[in-house]
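Worksheet for the structure shown next.
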Amino acid sequence: PLYHTLPIRQDTTNTCWCFCTTSFFETELNRLGRGAFKLSRMYTVYWEYVEKVRRFVQLKGESLVDEGSQPNAVINRMKQYGAVRASDYSGLLNGQTVHNHRAMHKEITTYLDYIKEKDIWQEEQVIANVRMIMDRHIGKPPKEITVDGESMTPKRFLDDILQLPLD
């Protein structure tokens, strides 16, 4: 039998780009002898939303902020923000067992429509407000995690523990 990870449902998220690419990296970590890791898809999704909102503000609303993306977004967000295990950040709150981003996406879209309509382009404030929306729906991503009793940032976890050859 060959090593493989079990399928994980993306449920109602439209984030297949992150689920499939993260699964590839989990298998690659095993192939490279780094171990069996279950990485957080929602950690990457969270930061992809942040960067999409940043681009939306920089381009004065002429950039799409939607659930979909591309596999290279996982690489870009990992390089920028690191990675965490699924046990460190699941994106599920208050006993939820399935992902459903419909309400979150609608709230973000409604807010960004307002920003565009009112011509409000304060990048850091808009990002902070969208992060508050996401924090309510999928939780705040961790700034630090504990691995084998040692506290580290997600970036350090990626660089020192996972050592994925992202380039």
(message) Out of the total accessible area of the chain (probe 1.4 Å, heavy atoms of protein only), what percent is carbon and sulfur?
(response) 52 percent
(message) Which of rounded, prolate or oblate describes region 18-61 when judged by the alpha-carbon gyration tensor and an a/c cut-off of 1.5?
(response) prolate
(message) Just want to confirm a number: the relative contact order over the chain, from Cα pairs under 8 angstrom separated by 6+ residues, in percent.
(response) 28 percent
(request) Round to the nearest 10 and give me the degree value, 0 to 90, for the angle of helix 16-31's Cα axis relative to the longest principal axis of the chain. (result) 20 degrees
(request) Give me the distance between the Cα centres of region 31-51 and region 88-147, rounded to whole Å. (result) 18 Å
(request) Please state, to two decimals, what the Cα-based radius of gyration of the chain comes to when divided by 2.2 N^0.38 Å (N = residues). (result) 1.07
(request) Report ³J(HN,Hα) in whole Hz for each residue of region 141-152, in order, from the Karplus equation J = 6.51 cos²θ - 1.76 cosθ + 1.60 where θ = phi - 60°; Gly and Pro get x. (result) x, x, 8, 9, 10, 10, 10, 6, x, 10, 7, 8
(request) Could you tell me which trypsin sites (Lys or Arg not before Pro) in region 1-76 are loop residues by DSSP with no more than 11 other beta carbons within 10 angstrom of their beta carbon? (result) 9, 60
(request) Note down the nm distance, to one decimal, between modelled labels 7 Å out along Cα→Cβ at residue 64 and at residue 131. (result) 2.6 nm
(request) Find the accessible area per residue for the chain; the probe is 1.4 Å, ligands and nucleic acids are left out, and the unit is Å². (result) 55 Å²
(request) Please list, in chain and number order, the residues 5+ apart from residue 85 or on another chain whose amide H is under 5 Å from its amide H, with Hs placed from the backbone. (result) 40
(message) Once you order the gyration tensor axes a ≥ b ≥ c over the Cα atoms, which shape class does region 93-149 get: rounded for a/c under 1.5, otherwise prolate or oblate by comparing a/b with b/c?
(response) oblate
(message) Tell me which of 98, 23, 149 sits at the most positive position along the dipole axis of the chain, charges placed on C-beta atoms (Lys, Arg +1; Asp, Glu -1).
(response) 98
(request) Give me the distance in nm between label points sitting 7 Å out from Cα along the Cα-to-Cβ direction at residue 159 and residue 119, one decimal. (result) 4.3 nm
(message) List the GluC sites (Glu not before Pro) within region 1-91 that DSSP assigns to loop and that have no more than 16 neighbouring Cβ atoms inside 10 Å.
(response) 62
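The values are calculated or read from the model by the stated rules, or taken from the named source; none is laboratory data. As the structure is a computational prediction, the values presented were derived from the model and not from experiment. Quick reminder, even Gly has a Cβ in these numbers, built from the backbone with ideal geometry, and neighbours come from all protein chains shown. Calculation scope for accessible area: heavy atoms of the full protein, side chains included, ligands and nucleic acids excluded. Shrake-Rupley method; radii C 1.70, N 1.55, O 1.52, S 1.80 Å.
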